[in-house]
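Presented below is the structure to which this report refers.
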Amino acid sequence: MLYSSSLLAIVGAGEQPSLSPRRLCLFNSTTGTSLRELNFLTSILAVRLNKKRLVVVLQEKTFIYDSNSLAILDTIDTIPNPKGLCAFSPSLDGCFLALPASTSKGSVLLYNVMEVHLHCEIDAHRAPLAAMSLSSSGTYVATASEQGTIIRVHHVLDATKLPDILVATSSSGSVHAFPLSMAVNQRGKRSTSFLGSILPDSVNDALDPAYHHVLHRAVPAGVRSYVVVRKVEKAAEAPATHVAIGLRATLAVINYNGYFQEYILDFNGPSDPKWSLEREFNLLAARSGNEQHFQMV
């Protein structure tokens, strides 16, 4: 979906002409009509869209289009990418596309899709990439390898502001939260200690588990899931409890069992955070109920 508009980019999963995985349809959900179609020689593995650019990822090629005219702007030859791994920042000021650069190690290619040129390559991990995500502003890229034990955050461009919070899900069903800006704010305080004065910042942060918070069994183990930060608030106190907090984050979790969950996460400095489940929906049941309603109407 293009933000919250009625424009959808749809790829099928069948061999019928209308549902072919090699066919991309731009669809207006308000009028129920197909606007434009693009056809490719191999299956489409990922699609990313913003107001200016449309990105289509195939196994060994990635195409960049103008979103309005659908004129092709660039074709990128890539390494074999059978999972369609990519990341895309929606910001027009920092509109970057990240793609894997190697099958033997965790290198990331970063393209500036507004100016249509290669920006840089980052050697992030020793093992091949398994996941990556760009911040909404395009300032930071977070990566994880197939070993799955480390998440690294890299600067795309020089910037003065860190993202407030990084979140990730794991194959064990847990949700992990890292309040990065709070860790940096505490760095100066730790530097006055003996260990803080002799260890570099990266090692110093790794020794402090206070900034890694885990919600266990949020999702059944082995079920694929995604988590996003919907909102981050900085406040002196929580409105209802009048308890001082550093950050309040609203997280959305969706899993392949069809459940949507919304959590509120309050960070009280380096102490244990407070997780609270605000909403939970069975999307499959909701869809079934809507279909029955439409049939009755």
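The values are calculated or read from the model by the stated rules, or taken from the named source; none is laboratory data. Since the model is a prediction, treat every value here as computed from it, not as a measurement. As a convention, Cβ positions derive from the backbone with ideal geometry for all residues, glycine included, and neighbour counts pool all protein chains shown. Quick note on the areas: whole protein, heavy atoms, side chains included, nothing else; ligands and nucleic acids left out. Shrake-Rupley method; radii C 1.70, N 1.55, O 1.52, S 1.80 Å.
Between a first residue in the stretch 44-64 that is buried (at least 18 other Cβ atoms within 10 Å of the Cβ) and a second residue that is in a strand (DSSP E or B) and of a type in the set (Asp, Glu), which pairs have beta carbons less than 9 Å apart while being 6 or more apart in sequence or on different chains?
Arg53/Asp66; Leu54/Asp66; Thr62/Asp74; Thr62/Asp77; Phe63/Asp74; Ile64/Asp74
Output the number of the condition that Lys105 fails; it satisfies all remaining conditions of (1) open to solvent by 50 Å² or more (accessible area, probe 1.4 Å); (2) over 21 Å from His154 (Cα atoms).
(2)
Are there any pairs, at least 6 apart or on different chains, whose C-beta atoms fall under 9 Å, with the first in the stretch 271-282 and within 12 Å of Arg248 (Cβ to Cβ) and surrounded by fewer than 13 Cβ atoms within 10 Å (Cβ to Cβ) and the second aromatic (Phe, Trp, Tyr) and modelled with pLDDT of 90 or more, and if so, which?
Listed by first residue and then by second, the contacts come to Ser276/Tyr263; Glu278/Tyr263.
Collect the residues in the stretch 150-187 that are farther than 25 Å from Cys120 by Cβ, at pLDDT below 85 and open to solvent by 50 Å² or more (accessible area, probe 1.4 Å), keeping them in residue-number order.
Asn185, Gln186, Arg187
Can you tell me how many residues within the stretch 8-35 are in contact (Cβ under 8 Å) with a residue 12 or more places away in the chain, farther than 24 Å from Leu99 by Cβ, within 27 Å of the chain's Cα centre (by Cα) and not in a loop (DSSP other than H, G, I, E, B)?
Qualifying residue count for the region: 2.
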